[in-house]
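To keep things clear, I will list the structure first and then write my remarks on it.
The values are calculated or read from the model by the stated rules, or taken from the named source; none is laboratory data. The shown structure was predicted, so the numbers you read here are calculated from the model rather than taken from an experiment. Cβ placement follows ideal geometry from the backbone for every residue including glycine, while neighbour counts extend to all protein chains displayed. For the accessible areas, the whole protein counts, side chains as well, though only heavy atoms, and no ligand, DNA or RNA atoms are used. Shrake-Rupley method; radii C 1.70, N 1.55, O 1.52, S 1.80 Å.
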Amino acid sequence: MENSPTTIGSKGLIKQHEFVRVIIQSLYSLGYRKSGSCLESESGVSYKSMNLELLESQTLEGDWDGCINTLCAIQELADETRASVLFLVFKQCLLEYLIGGDDSLALSVLRNQVPALRMGKENVHNLAYSIICLKEMELSKADDNVIHGQRKNLLTELETLLPPPAVLPERRLEHLVETAITAQIDSCDYHNSVERISLYEDHNCSRDQFPTETIQTLTEHENEVWFVQFSNNGEYLASSSSDCTAIIWKVLEDGRLSFKHMLRSHQTPVSFVAWSPDDTKLLTCGNVEVLKLWDVETGTCKHTFGDHGFVVSSCAWFPDSKRFVCGSSDPEKGICMWDCDGNEIKAWRGTRMPKVLDLAVTPDGENLISVMSDLEIRILNVRTNAEQVIPEEQPITSLSVSADSKFFIVNLNSQEIHLWDVAGKWKKPLKYIGHQQHKYVIRSCFGGLDSSFIASGSENSKVYIWNRRNSRPIEVLSGHLMTVNCVCWNPKRHQMLASASDDHTIRIWGPSRSKNIQC
């Protein structure tokens, strides 16, 4: 049946004997040996190819001439692969000759047959060296069990090198099914659930489990809300406003948010907040003012950094929750690294240092990414001090890094969001369009399951959401009355999104089945 042209499936793309063969392999790998054997008998299809069964028999019996002839007869083998597998066979052959005390025969094989493989002098020398080592280790006393074990190991090595159809790749059916599921997930614009995907039907998420409706409106701020950020554990939300305050909100079990602390100490609008990775501390940046460190549990100010002439544009924590950096739009201040007690650990400043508009530390702590003088992104490897520069053609207003530390996005005043790789391998960014941004600072974010989505505010009072694979938005959320300055996706609750607006409110977005709650 191996040579049968019979195909199955509505499109005739699947060869029946190959399909049956991978099923048999799957049955054996799952431990259903009786079922596998029964299917082999009924179908006439063998899980192991004739060449593999012959090679297995010859190897276990030590028929090395037979092994060599079988391998040479497999037409699908590339010359390089054939040389590699023959080399392994010769190696085992030599070992057994040595174990049997037939040194002259081993030497003859080494001199006359191995060089014909054209594997290079180094491999031949390595093989010769193994002979010397065997002599020194007195492996000639090895028993039959040792030899049998070596032959089984050789078979395993050969199976990893031999191509289909001589050998099926391990767990082939599982791989094919996973590939099909992955393709369906990749084509699903709204995939945002950790639930296991069923094989019983094609996968396609509906927007019912996507944040598309306002489920709560927070109105505690008395002026424009400029920034929002969920804590890393998803249990809190921090917001900052031009009313000179920051607020910490508690995310309750039912998905509602409750007021926890009002942070009053700044004399000017609070433009930025940053959670420590352990979520016990919060930094707040005053506009052309000091930087303050707060205790999340008590809501008390623990330390004030800088003076009233200190211009802080943004700040970011390192993974240990003990150090952080802040950037200044004052070139003389540059970038400073502090500990929580106010000690300056390191600084990047000088006359040639451009002003810093925004910065971020990748969650793995490896890279410091900063936006310099509107048009330049600098990525500094903190460990090696290696630096790369990415130029942009339009003014950059904000920066956000993905949770896996591999990507970052920047908002541009040209009404585009650009996605770059941190490693610097991309020559061009992925671009996202549709929102409005001309003159204000608009902040976007990664979010959803596996950070598969990008969300952004907009000057037209709407929230835009893109699937990272597509340049145009899949959702446009209406509700705010003025510019949406910042959005943040809950890192643990993938169906929760927060947005901050000049209309003095914060909106919490969730699936459409949720009930609207006023607070």
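In the condition set (1) within 18 Å of LEU257 (Cα to Cα); (2) surrounded by fewer than 22 Cβ atoms within 10 Å (Cβ to Cβ); (3) of a type outside the set (Val, Ile, Thr), ASN490 is compliant with all but (2).
Just to verify a result, which residue in the range 501-519, among those that are part of a strand (DSSP E or B) and at pLDDT below 95, is most open to solvent (accessible area, probe 1.4 Å)? Before you say what the answer is, go through the steps one by one.
First, pick out the residues of the range 501-519 that are part of a strand (DSSP E or B): 501, 506-510, 517-518.
Add one more test, that the residue is at pLDDT below 95, and what stays is 517-518.
Working: ILE517: 50, GLN518: 129 Å².
Going through the qualifying residues, I end up with GLN518.
What do you reckon, is SER198 hydroxyl-bearing (Ser, Thr, Tyr), out of contact with any Ser or Thr (no Cβ under 9 Å at 6 or more places or on another chain) and in contact (Cβ under 8 Å) with a residue 12 or more places away in the chain? Can you show your working first?
Details: hydroxyl-bearing (Ser, Thr, Tyr): yes; out of contact with any Ser or Thr (no Cβ under 9 Å at 6 or more places or on another chain): yes; in contact (Cβ under 8 Å) with a residue 12 or more places away in the chain: no.
Judged against the criteria, SER198 is not a match.
Go through the residues of the range 370-384 one by one and say whether even a single one is out of contact with any Leu (no Cβ under 9 Å at 6 or more places or on another chain), in a strand (DSSP E or B) and farther than 20 Å from CYS445 by Cβ.
Of all residues in the range 370-384, those out of contact with any Leu (no Cβ under 9 Å at 6 or more places or on another chain) come to 375-376, 383-384.
Now restrict to residues that are in a strand (DSSP E or B): 376.
Okay, now just the ones that are also farther than 20 Å from CYS445 by Cβ, so 376.
Within the range 370-384 (the criterion being out of contact with any Leu (no Cβ under 9 Å at 6 or more places or on another chain), in a strand (DSSP E or B) and farther than 20 Å from CYS445 by Cβ), the answer is yes, since at least one residue qualifies.
If the condition is being touching a residue at least 24 places away in the same chain (Cβ under 8 Å) and either touching a Cys at 6+ places or on another chain (Cβ under 7 Å) or crowded, with 17+ Cβ neighbours inside 10 Å (or both), then the range 57-70 contributes THR59, TRP64. For the range 414-445, a tally of residues being surrounded by fewer than 18 Cβ atoms within 10 Å (Cβ to Cβ) and assigned to a strand (DSSP E or B) returns 3. In this structure, is SER471 part of a loop (DSSP other than H, G, I, E, B), at pLDDT below 95 and either surrounded by fewer than 23 Cβ atoms within 10 Å (Cβ to Cβ) or aliphatic (A, V, I, L, M) (or both)? When the stated conditions are applied, SER471 does not pass them.
Looking at the range 383-413, which of its residues are small (Gly, Ala, Ser), open to solvent by less than 40 Å² (accessible area, probe 1.4 Å) and more than 21 Å from the chain's Cα centre (by Cα)?
Taking the range 383-413 and keeping what is small (Gly, Ala, Ser), we get 386, 398, 400, 402-403, 405.
Going one step further and asking which of them are open to solvent by less than 40 Å² (accessible area, probe 1.4 Å), we end up with 398, 400, 402, 405.
Passing the criteria: only SER398.
Could you run through the range 241-258 and say how many residues are among the polar types (S, T, N, Q) and not in a strand (DSSP E or B)?
First pass over the range 241-258, keeping only residues among the polar types (S, T, N, Q): 241-242, 245, 258.
Next cut, not in a strand (DSSP E or B) only: 242.
The qualifying residues number 1.
The set of residues in the range 275-293 that are in a strand (DSSP E or B) and open to solvent by less than 10 Å² (accessible area, probe 1.4 Å) comprises LEU282, LEU283, THR284, CYS285, GLY286, LEU291, LEU293. Restricting attention to the range 259-270 and to residues that are in a strand (DSSP E or B) and within 14 Å of TRP294 (Cα to Cα), the residue that is most open to solvent (accessible area, probe 1.4 Å) turns out to be ARG264.
Look at the range 25-49: where a residue is touching a residue at least 60 places away in the same chain (Cβ under 8 Å) and a partner is open to solvent by 50 Å² or more (accessible area, probe 1.4 Å) and assigned to a loop (DSSP other than H, G, I, E, B), sitting 6+ places away or on another chain with Cβ atoms under 6 Å, you get GLN25/TYR47; SER29/ARG171; SER49/PRO165.
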